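**Student:** Pasting in a structure now, in structure tokens, and then I'll have a few things to ask.
The values are calculated or read from the model by the stated rules, or taken from the named source; none is laboratory data. This structure is a prediction, so every number in the text was calculated from the model and none was measured. As a convention, Cβ positions derive from the backbone with ideal geometry for all residues, glycine included, and neighbour counts pool all protein chains shown.
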Amino acid sequence: MHFLAAYKEIVLVAAFVAWCVAVRTKRKPWFWWLGAQLALALAAEYAGRWLGERGIPNQWLYNGYMLGEHIALLMVVFYMGRELIRALPYVLVFALVLFLAAFIRDLTAAGTFGVFASNGLVVGGFLIGTSAALVMLAMAFRGPLRVTAEPRFWILLALVSYFLCTAPLFGLYNRLSAESPEIGLKIYQLNDLLFVMRYGLTAFGLIHEARRGGHE
Amino acid sequence: MNEHDVLMTVVVAVCAMLLVIALLTIALVANNNRRMRHRAELAEAERVRETEVARAEREAVQHTLRELGRELHDNVAQLLTVAQLGANNLLEERPEPRLAAMRDALDQGVEELRRLAHGLDADLWSRRSLTDAIVAEAERIERVGRVRAHVVKAGAPLVLDADTSTILFRVFQEVVNNALKHSGADTLTLVLDGGPPATLTISDNGRGFDATRERGQGGLSAIRRRCALIGFEASCSSAPGNGCTWTLIQSPHGA
């Protein structure tokens, strides 16, 4: 499973390159928020590894990234689905409040920013996944186009499959064996697998978007 | 729970979640495809219905015009012919200039009425081509004497079905009548090109108009609508002092 670490970077860079290719024409707001999230992900990935290799604690970096990522992705979901679901802003504000509550609780319980806020990730991830699934459903049932022809569909599917799986992944890990480093390592390898799937689907959606030239 | 059990539980839970997401996505895509197929079928049915309605409207208009033409020919023209005979008899008894002028006016009226009745007959198109009809119309315009009408046949002969010929001829008549009434032109040039694409160009050397103004656009859109019924595209180019040119061109996609 160690090969996944290399693939992680490849698919993340591929997604970012696909975004850069698609950016040539006028874009919808969700596209810019997704670009911000991809740029944050790239920065966090390389900076986190650089810090880790030097033995410098990097949990604070991942916590910061998690905060930025959740806000950016909630905005992506909002702009993708606001025309399809009227109540979406309320759902997303509710999701953001719950995520922030879990995130702050994690950090205040530990008393430091240097502990990974895994409960925040579970709660926030579940809410992003559910919101993205709602927009996907609305797109399939109310949208004017075949969903598989919609770049947004593949990006939402990436969010749904990754974030709805992080809930059982880190949720069960937290409950069952938070103290075992061996299990922690294997769990992160599973997370790498989901990560590859997520950014693979995102890259596919962005390539689709680049070919379509930004038309909704 | 030992480490292995914990790991297996997590792996099974994640795989189960992925399986649920995959199944739901497949169901969603299948449902969406079915919905799109249904929409496409509805759109196709609507398109077919609109085509049928347009055809029925066309047939109704043709039927009305044919009946009108028959009435003009069988009744009004016969009555005028009786009047013409009476006028001829009167003229033989009393050869007065006023009577002669009245007889000439009657002759001209009968001739115009017969031509009009003939033109309204849609079945005519099974016996003559659009080119023949346009040439005959040009000759009639020249006979009136105020405007010269040149017919230029370019490329292949115009071969169109009866429905298309009828509507295109009506559009042609409308454009020509507008030119005769409003343009002040003394020359009309009619270019017939069998294409492909089949093209009919009507130009006059009149005073022209600003084609971007509402009046021009309104006329253009009415003619465009009628041309669209038969798969033609109409465009008009004109400017004050520069005459006017109408181009009726068969669209590559047809009606």
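**Student:** Considering only region B:163-172, I want to know if a residue exists there that is part of a loop (DSSP other than H, G, I, E, B) and at pLDDT 80 or above. Reasoning before the result, please.
**Tutor:** So in region B:163-172, the residues part of a loop (DSSP other than H, G, I, E, B) come out as none.
So far as region B:163-172 goes, no, none of its residues is part of a loop (DSSP other than H, G, I, E, B) and at pLDDT 80 or above.
**Student:** I've got another one for you. Could you identify the single residue in A:Y173, A:Y188 that is in a helix (DSSP H, G or I), of a type in the set (F, W, Y), at the interface with chain B (Cβ under 7 Å from one of its Cβ atoms) and under 20 Å from B:T9 (Cβ atoms)? If you could, list the steps in order and put the result at the bottom.
**Tutor:** Working: A:Y188 fails: at the interface with chain B (Cβ under 7 Å from one of its Cβ atoms).
Answer to the check: A:Y173.
**Student:** Any idea which of (1) buried (at least 22 other Cβ atoms within 10 Å of the Cβ); (2) under 17 Å from A:L194 (Cβ atoms); (3) away from chain B (no Cβ under 14 Å) is the one A:E69 doesn't satisfy?
**Tutor:** Just one mismatch for A:E69, condition (1).
Residue-by-condition table, conditions (1) closer than 23 Å to B:T25 by Cβ; (2) without any contact (Cβ under 8 Å) to a residue 60 or more places away in the chain:
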site	(1), (2)
A:A117	no, yes
A:S131	yes, yes
A:M136	yes, yes
A:T148	yes, yes
A:S180	no, yes
A:N191	yes, yes
A:A203	yes, no
A:H208	yes, yes
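**Student:** Looking for something farther than 30 Å from B:R37 by Cα, facing chain B (nearest Cβ under 9 Å) and out of contact with any His (no Cβ under 9 Å at 6 or more places or on another chain) - is there at least one such residue anywhere in region A:147-165?
**Tutor:** yes
**Student:** A further question on this structure: Does any residue of region A:92-115 turn out to be assigned to a loop (DSSP other than H, G, I, E, B) and surrounded by 21 or more Cβ atoms within 10 Å (Cβ to Cβ)?
**Tutor:** No.
**Student:** Let me ask something additional. Would a scan of region B:55-73 turn up a residue that is within 14 Å of another protein chain (Cβ to nearest Cβ) and either assigned to a helix (DSSP H, G or I) or closer than 30 Å to B:L168 by Cβ (or both)?
**Tutor:** Restricting attention to region B:55-73, the residues satisfying the condition of being within 14 Å of another protein chain (Cβ to nearest Cβ) are none.
Scanning region B:55-73, I find no residue that is within 14 Å of another protein chain (Cβ to nearest Cβ) and either assigned to a helix (DSSP H, G or I) or closer than 30 Å to B:L168 by Cβ (or both), so the answer is no.
**Student:** Quick check on A:I71: is it modelled with pLDDT of 90 or more and in contact with an Asp or Glu (Cβ under 9 Å, 6 or more places away or on another chain)?
**Tutor:** No: the conditions fail for A:I71.
**Student:** Could you check region A:24-57 and list, in sequence order, the residues that are over 19 Å from the mean Cα position of the chain (by Cα) and either closer than 14 Å to A:A203 by Cβ or in a helix (DSSP H, G or I) (or both)?
**Tutor:** A:W50, A:L51, A:G52, A:E53
**Student:** Output the number of residues of region B:142-155 satisfying the condition of being buried (at least 19 other Cβ atoms within 10 Å of the Cβ) and either part of a helix (DSSP H, G or I) or modelled with pLDDT under 80 (or both).
**Tutor:** Of the residues in region B:142-155, 0 are buried (at least 19 other Cβ atoms within 10 Å of the Cβ) and either part of a helix (DSSP H, G or I) or modelled with pLDDT under 80 (or both).
**Student:** Related question: So how many residues does region B:29-54 have that are surrounded by 11 or more Cβ atoms within 10 Å (Cβ to Cβ), aliphatic (A, V, I, L, M) and either away from chain A (no Cβ under 14 Å) or not in a helix (DSSP H, G or I) (or both)?
**Tutor:** Of the residues in region B:29-54, 1 are surrounded by 11 or more Cβ atoms within 10 Å (Cβ to Cβ), aliphatic (A, V, I, L, M) and either away from chain A (no Cβ under 14 Å) or not in a helix (DSSP H, G or I) (or both).
**Student:** While we're here: Pull up region A:193-213, narrow it to residues that are away from every other protein chain (no Cβ under 13 Å) and of a type in the set (D, E, K, R), then point me to the one that is nearest to the chain's Cα centre (by Cα).
**Tutor:** Step by step, filter region A:193-213, then rank; the result is A:E209.
**Student:** (1) surrounded by fewer than 13 Cβ atoms within 10 Å (Cβ to Cβ); (2) closer than 19 Å to A:I128 by Cα: which one isn't true of A:I56, the others all being true?
**Tutor:** A:I56 satisfies every listed condition except (2).
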